[in-house]
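> Shown below is the structure under consideration.
The values are calculated or read from the model by the stated rules, or taken from the named source; none is laboratory data. All values reported here derive from a predicted model rather than from experimental measurement. Glycine gets a Cβ as well: all are built from the backbone with ideal geometry, and neighbour counts include every protein chain shown.
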Amino acid sequence: MILRRFVTVLLVIFLVAPTVLAQKPKKYDAQYLMGGGEQEILEAAEWHFGYGNLKRALPLFIKLWKRYPETNSYRYYAGICYLEKTDEQEKAIDHLEAAYSINPKLNDILFYLGKAYFLNYKFDEATGYFKLAREDKTTSGKSKKEIPRFLKHCENAKELMAVNQEGRLTIENLGAPVNTEDDEYVPLVSFDESVLMYTYKGKWSRGGRQNMYGESDADGEYYEDICLSYRLGNKWLDPEDIGSNINSYYHDASIALSPDGEQLFIYKDKNGGDIYQSFKDDNLWTSAIKLYGEVNTSSYEGHVSISINGRTLYFVSNRPGGMGGKDIYMATLQEDDSWGQIKNMGPKFNTEFDEDAPFIHANGNLLYFSSQGHNCIHFKILFHL
């Protein structure tokens, strides 16, 4: 039918100009739509996809593909969405390969296949598809610009995988009681390794499952909370909710802990994304307050790391005037306890792509961070200051 014939064109329009949709849509959540008709489900899938909310678009495209398997574009977009679903990224390969076998001229299909194999650690296959995409007319200019970076990542990844096969790298799951069937991430450890803080998202989250409007929704996503665990000997004790002074019914994510374990930095998705801080008072944590000074702006400010003397802060922002995407900045503690003298870390660290998650070593001379622009493996790098 006409609707399915033009699905690709419609989705491209949504990708290029999502700001056209200024009006907030009606209910676009799966629980309201799974029993709906094709047009209703497609409208919601387009909206989520166009705004980059691929995890929400995925079940809608899957529903459409199962109902209308003859419409190849539904499976194609489902495959793209699976690239963002970290626990099922292997399904991206199946869907994209199937779509490619039917129509090899789909926009960016070779690039997405390269990315799918890359995310599943199949670097030879990824390299092959990236090289094909580099020469193919269906590959967009934006994707072609990313291909040299991905090819370099494939080379580095193969080298590191070879090192791992030699038994020189060991990764162990921390296990219970810290890890559960839910999500635990961004671990923060005090300098003496006695306190572990981390961000938790799961069935114990204070906000429960919510949709994009902040409404209770059984089909929605859990909001983030902060948990902590204390070390006793060689064991981590049962984790605790950090408390209602910090955790709310919205996103509350731990992003840095001072070396002495007395100051916690928190990310809240307000005003484009800002950094807050809390201080330990006996065994309680004070209410989170916005970082005092010039660090926060109307742009995104996120991950931070603080020097061992507590006077230098390294943080991430996508504010205007940077080198592109997210950059790493440095701030200095002023006499009035505000953070000022903001300085972009410059081209040695920042690129036109995203840099994120800085961590300053206790010696003050090593800065670890993730980068999408430097020649490193997906995407970790180390620099001497």
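> Looking at segment 294-307, is at least one residue of a type outside the set (A, V, I, L, M), surrounded by fewer than 18 Cβ atoms within 10 Å (Cβ to Cβ), at pLDDT below 90 and in contact with a Ser or Thr (Cβ under 8 Å, 6 or more places away or on another chain)?
no
> List pairs: first in segment 167-184 and at pLDDT 85 or above, second loosely packed, with under 13 Cβ neighbours inside 10 Å and in a loop (DSSP other than H, G, I, E, B), Cβ under 8 Å, 6+ apart or cross-chain?
Pairs found: 177/238; 179/173; 182/203.
> Would you tally the residues in segment 308-336 being of a type in the set (Asp, Glu) and buried (at least 21 other Cβ atoms within 10 Å of the Cβ)? First the steps, then the outcome.
First, the residues of segment 308-336 that are of a type in the set (Asp, Glu): 327, 335-336.
Narrowing the set further to residues that are buried (at least 21 other Cβ atoms within 10 Å of the Cβ) leaves 327.
Qualifying residue count for the region: 1.
> Among the residues of segment 333-342, is any in contact (Cβ under 8 Å) with a residue 40 or more places away in the chain, within 20 Å of residue 301 (Cβ to Cβ), in contact with a strand residue (DSSP E or B) (Cβ under 6 Å, 6 or more places away or on another chain) and not in a strand (DSSP E or B)?
For segment 333-342, residues in contact (Cβ under 8 Å) with a residue 40 or more places away in the chain, within 20 Å of residue 301 (Cβ to Cβ), in contact with a strand residue (DSSP E or B) (Cβ under 6 Å, 6 or more places away or on another chain) and not in a strand (DSSP E or B): present.
> May I pose another question? Looking only at segment 215-260, how many residues end up being aliphatic (A, V, I, L, M) and surrounded by fewer than 20 Cβ atoms within 10 Å (Cβ to Cβ)? Lay out the reasoning, then the answer.
Going residue by residue through segment 215-260, those that are aliphatic (A, V, I, L, M) are 218, 226, 228, 232, 237, 242, 246, 253, 255-257.
After this cut, where a residue has to be surrounded by fewer than 20 Cβ atoms within 10 Å (Cβ to Cβ) as well, the list is 218, 232, 237.
Final tally of qualifying residues: 3.
> Checking the structure you have, find out if any residue of segment 274-291 is more than 23 Å from residue 198 (Cα to Cα) and part of a loop (DSSP other than H, G, I, E, B).
Taking segment 274-291 first, the residues more than 23 Å from residue 198 (Cα to Cα) are none.
Scanning segment 274-291 turns up no residue that is more than 23 Å from residue 198 (Cα to Cα) and part of a loop (DSSP other than H, G, I, E, B).
> Then there's this: Would you be able to tell me the number of residues in segment 355-370 that are among the hydroxyl-bearing types (Ser, Thr, Tyr) and either modelled with pLDDT under 85 or loosely packed, with under 15 Cβ neighbours inside 10 Å (or both)?
If we filter segment 355-370 for residues that are among the hydroxyl-bearing types (Ser, Thr, Tyr), which is where we start, we get 368, 370.
Remaining after also requiring either modelled with pLDDT under 85 or loosely packed, with under 15 Cβ neighbours inside 10 Å (or both): 368.
Looking only at that region, the number is 1.
> Scan segment 119-147 and report the pairs whose first residue is farther than 16 Å from residue 96 by Cα and whose second residue is of a type in the set (A, V, I, L, M), with Cβ atoms within less than 6 Å and a gap of 6+ or a chain change.
Once the first residue is farther than 16 Å from residue 96 by Cα and sits in segment 119-147, its partners that are of a type in the set (A, V, I, L, M) give 123/157; 134/147; 136/110.
> What about residue 63, is it of a type in the set (D, E, K, R), touching a Leu at 6+ places or on another chain (Cβ under 9 Å), modelled with pLDDT of 50 or more and not assigned by TED's automatic domain parsing to the domain that holds residue 150?
Values: of a type in the set (D, E, K, R): yes; touching a Leu at 6+ places or on another chain (Cβ under 9 Å): yes; modelled with pLDDT of 50 or more: yes; not assigned by TED's automatic domain parsing to the domain that holds residue 150: yes.
Taking the combined requirement at face value, the residue satisfies it.
> A follow-up question, please. With over 30 Å from residue 57 (Cα atoms) and touching a residue at least 24 places away in the same chain (Cβ under 8 Å) as the only criterion, which of 278, 254, 298 stands out?
Answer to the selection: 278.
> Scan the helices (runs of 4 or more DSSP H) fully inside segment 57-139 and keep the ones with 3 or more residues being surrounded by fewer than 21 Cβ atoms within 10 Å (Cβ to Cβ) and either of a type in the set (Phe, Trp, Tyr) or touching a Gly at 6+ places or on another chain (Cβ under 9 Å) (or both). Give the steps one after another, and end with the answer.
Details: elements: 72-82, 90-102, 109-119, 123-135.
Here the list reads 90-102, 123-135.
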